[in-house]
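K.L.:
The structure under discussion is supplied below as C-alpha cells; questions concerning it will follow.
The values are calculated or read from the model by the stated rules, or taken from the named source; none is laboratory data. These numbers were taken from a predicted model, which means no experiment stands behind them. A quick note on method: Cβ atoms are made from the backbone with ideal geometry, for glycine too, and the neighbour counts reach across all protein chains shown.
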Amino acid sequence: MPDNSLVMAELVSMGMGLKIPSTSLAANLINGFYLKITSGGQTTVYGVAATLGFDQGGLVVYGIATDPFGVKFDYSKGVTPHTLENKLVDLSIDAGIVIAKLGKIDIKLTIYDENNAPMMSVERVDVEAQGIMIADAKVRGRLVNLSKGAPAN
C-alpha cells in the first residue's frame, strides 16, 4: 500500500455519566465507542468500553454516529487500519449540540504504541453526526477487534 493512504472511518459513541457544567469535574458509569475502518474492500470494526471513570465526561446519556470521514494512515511506520488491536486509544468528542440528524462534532483520536507513545493522531472538525449529545465526552481504553471471525464484506 502507498504511504499516507486515505481510508474511510465511521464512529459510533455512547455513554452515561455526569459532567458538572463549566468545570472539568466529571464521572462516567460507562462510556464507549465503535470505530469502523474500511480500506481496500476490507472492513474492520474496533470497540472500546470504559467503566466508572473520572476525568472523562459527557451528558447523562448520549449516543451519536458520524457520517464517514477520511483518515490517513502512514504505512511506512507499520500502522495499518487492520492491525490496531489492543492499542491504547484516547477519544475526545467536542459537541456543540447534536439532535437527531442535526449537528456536527469535533473528533480527536490518539492511538499509542506498546510504550504508550503516540503512534497516530486523527483530528477532524465539523464532522456530520446524528443522535443526541449536548456535552463533550472522553474515552480511554484498548482497541478490541470486533471483526475477528466475522465474514468479510
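K.L.:
Would you confirm whether or not the range 122-133 contains a residue that is surrounded by 13 or more Cβ atoms within 10 Å (Cβ to Cβ), modelled with pLDDT under 90 and farther than 16 Å from Val12 by Cβ?
P.N.:
No; the residues of the range 122-133 include none that is surrounded by 13 or more Cβ atoms within 10 Å (Cβ to Cβ), modelled with pLDDT under 90 and farther than 16 Å from Val12 by Cβ.
Conditions tested, residue by residue: (1) farther than 17 Å from Leu6 by Cα; (2) basic (Lys, Arg); (3) surrounded by 15 or more Cβ atoms within 10 Å (Cβ to Cβ).
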position: Gly41; (1), (2), (3): no, no, no
position: Ile64; (1), (2), (3): yes, no, yes
position: Pro81; (1), (2), (3): no, no, yes
position: Asn86; (1), (2), (3): yes, no, no
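K.L.:
Okay, next question. How about the range 77-131: which of its residues are under 19 Å from Gly141 (Cα atoms), part of a strand (DSSP E or B) and of a type in the set (D, E, K, R)?
P.N.:
Asp90, Asp94, Lys108, Glu123
K.L.:
Say we look at the range 94-121 and pick out the residues that are within 15 Å of Ala65 (Cα to Cα) and over 16 Å from the mean Cα position of the chain (by Cα); which of these is surrounded by the most Cβ atoms within 10 Å (Cβ to Cβ)?
P.N.:
This residue is Val98.
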